[in-house]
Amino acid sequence: MDKKLRVAGQSDVYGEVRVNGSKNSILALIPGMCLGEGSGIIKNSPVISDIDAMREILRELNLEIHVNGDEINIVGEIKNRKLSPKYVSRIRASNLFLGVLLSKFGKAEVPFSGGDRIGDRPLDIHFYIFNKFGITTEVKDGYINCQASQFPYEGQKVYLRYPSVGATENAMFIASTATTPSTIYNVAMEPEIVDLSIMLNKMGASISGAGTPVLHIKPAEKLMRVEHEVIPDRLEAGTFLFLLSAVRGKGIIKNVVPEHLLSAITILSDAGIDIKYTDDEIIVDATHAINVSPLNVTALPYPGFPTDLQPFATVFASTCNGQSIVMDSVHRERFGYLNELRRMGLICDHKYDQVSILGPQNLTGTDLTGLDIRMTMALILAGIIAKGESTIYGIEHMYRGYDNFINKLSDLNIHAKIDFE
Ligand code: EPU
């Protein structure tokens, strides 16, 4: 039975929400943990359906994964070198099993990964890294077949043409299991990379430079599974930050690392939203924001403004006074949500990787369909600021990435209802 979410335009939004562990971190930590031996525990995991797909992939590899609330326990030994498309096709992060299997066996057969359809998402940087470690890659019948010419690997110096998050993670896996040190240049600097490096170091690797453009990786003799706690989800926190700002509400976002969101905090503060933060809370008071300035924002690799918050910036821009420009240099085609916002009455000018919006504009509620995680959440945000009721289809995407979101909305005095049909 399909689920849909009904939400009416809200006023008087206030309250406190607690952010869960990071989706994008856990989706790299689980494959990372698979590299080790013994029993591993990941704490503060969000309860989201993308993890269900990961669990099935691990089962195919002969690993056991026990989920107990926000704790995940991984045990067992990888036996298979080949994955079927069934679950790999559900999530993008499944391409990290290329790195896992190559690190373990020097051989991998993994179908092309799925995940959000937010434009072309090639894997050439992953393949380039594999090639530098002496691994050949062949694509046949939808499968990526990789074979090492020499195994175990010798450490390498590799420069990435673009700081891809997933490619950096695969490089970390392979370099952590090589025989000599590696240096990887122009890597992703996202907090999720730092989180992964902390866990791999606990497991026995020696990675320095995480959070900077250059990683120095000394391999471990043997990687052992450990206990690790996931960082808070900066993108979930960012969703609430934009929600409270766009609806002119007032609230406290708890269990966050505000430093991970400095780009968003700065952009919104500069527009005229009152935002303060402590070590682990962001306090938003948008109730007095009347003449909010327009945005001029470009999504960039971290520490730039996150592409995963870009759709929310557009929703917020519709409430600003003047001409906003929202651009995405990471996923240049991530503007599919605009068609749905247009159905709510948004007038905007979209050219290739940017959209301009002359605000303020009044959106009106209607039937909407989300096709990926952040698009679906942007439509929910738009429904919350619009006049009248919206019905949002594609709500399974919300469950893929957001833990307990409806209850969190009610913590902010926002009443949304899930219906079945
Ligand atoms: N790219 C290439 N070649 C590659 C790899 C990437 O051209 O070999 C390009 C992509 O096409 C894209 C850009 O580089 O235009 C960034 O891709 P990246 O590899 O950094 O992204 P990812 O690892 O596939 C992760 C997140 C995404 C997030 C991006 C960018 C996970 C599971 N996914 O994807 O999150 O948008 O980094 O920050 O960690 C989301 O959470 O909604 C989401 C899509």
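Can you give me the solvent accessible area of Phe105 with a 1.4 Å probe, rounded to the nearest 10 Å²?
50
Out of Pro85, Pro258, Pro219, any idea which swings most in a Gaussian network model of the chain, alpha carbons joined below 10 Å?
Residue with maximal mean-square fluctuation among Pro85, Pro258, Pro219: Pro85.
Do any of Lys79/Lys222; Lys79/Lys132; Lys387/Lys417; Lys4/Lys408; Lys3/Lys43 go past 20 Å between their Cα atoms, and which?
Flagged as over cut-off: Lys79/Lys132; Lys3/Lys43.
Taking the range 214-353 on its own, what percent of its Cα-Cα pair distances exceed 25 Å?
Values: 3311 of 9730 pairs.
Cα-Cα pairs of the range 214-353 separated by over 25 Å account for 34 percent.
Taking every DSSP beta bridge that has both residues in the range 144-235, what percent is antiparallel when rounded to the nearest 5?
Numbers: 7 of 11 bridges.
Antiparallel bridges make up about 65 percent of those DSSP assigns within the range 144-235.
Take each uninterrupted DSSP H stretch in the chain, measure its Cα extent along the helix axis, and return the ones at 15 Å or beyond whose mean Kyte-Doolittle hydropathy is at least -1.0.
Helix filter hits for the chain: 23-34, 49-60, 165-176, 191-203, 234-246, 373-385.
Say we join alpha carbon atoms closer than 10 Å with springs in a Gaussian network model of the chain; which of Asp124, Asp285, Asp70 then has the biggest fluctuation?
Asp124
So what does Tyr337 come to for accessible area, using a 1.4 Å probe and Å² rounded to 10?
Solvent-accessible area, nearest 10 Å²: 0 Å².
Just subtract the alpha-carbon distance of Ser149 and His350 from 0.36 nm times their residue separation and send over the number in nm, one decimal.
67.7 nm
So which aspartates and glutamates can Lys157 reach, going by Cα to Cα under 17 Å and dropping same-chain residues fewer than 8 places off?
Glu169
Cα centroid distance between the range 48-108 and the range 249-301, in Å?
36
For the chain, modelled as a GNM with alpha-carbon contacts under 10 angstrom, which of Glu56, Glu333, Glu138 fluctuates the most?
Glu138
Return the calculated 222 nm mean residue ellipticity for the chain, to the nearest 500 deg cm²/dmol, obtained by summing -39500 (n - 2.57) across DSSP H runs with n ≥ 4 and dividing by the residue count.
Estimated from H runs of four or more residues: -9500 deg cm²/dmol.
What is the magnitude of the charge dipole of the range 54-110 about its Cα centre, with +1 placed on the Cβ of each Lys and Arg, -1 on the Cβ of each Asp and Glu, and no other charges, expressed in debye to the nearest 20?
Charge dipole of the range 54-110: 340 debye, to the nearest 20.
Rounded, prolate or oblate, given the Cα gyration tensor of the range 372-421, with a/c below 1.5 counting as rounded? Could you put the intermediate results ahead of the total?
On the way: a/c = 1.37, a/b = 1.15, b/c = 1.20.
Rounded is the answer for the range 372-421, as its axis ratio a/c remains below 1.5.
Once the other residues with Cβ under 14 Å from the Cβ of Ile193 are scored (Lys, Arg +1; Asp, Glu -1), what is the net sum? Numbers along the way, then the final one.
Working: positive: Arg234; negative: Glu169, Glu190, Glu192, Asp195.
It works out to a net charge of -3.
So, R0 is 45 Å and r is the distance between the beta-carbons of Ile290 and Asn73; what FRET efficiency does that work out to, to 0.05?
Efficiency for this residue pair is about 0.30.
Sorted by packing (mean other beta-carbon atoms within 10 Å per residue), highest first, where do 272-282, 387-397 land? Could the numbers behind the result be given before it?
Values: 272-282: 16.2, 387-397: 18.8.
Highest to lowest by the protection proxy: 387-397, 272-282.
How many angstrom lie between the Cα centre of the range 395-421 and the Cα centre of the range 138-159?
For the range 395-421 versus the range 138-159, the Cα centre distance is 42 Å.
Only bridges whose two residues both fall in the chain count here: according to DSSP, what percent of them are antiparallel, nearest 5?
Antiparallel bridges: around 70 percent, rounded to the nearest 5.
The values are calculated or read from the model by the stated rules, or taken from the named source; none is laboratory data. Because the structure is a prediction, the values reported are computed rather than measured. Cβ: placed from backbone, ideal geometry, glycine included. Neighbour counts: every protein chain shown. Only protein heavy atoms, including side chains, enter the accessible area calculation; ligands, DNA and RNA are left aside. Shrake-Rupley method; radii C 1.70, N 1.55, O 1.52, S 1.80 Å.
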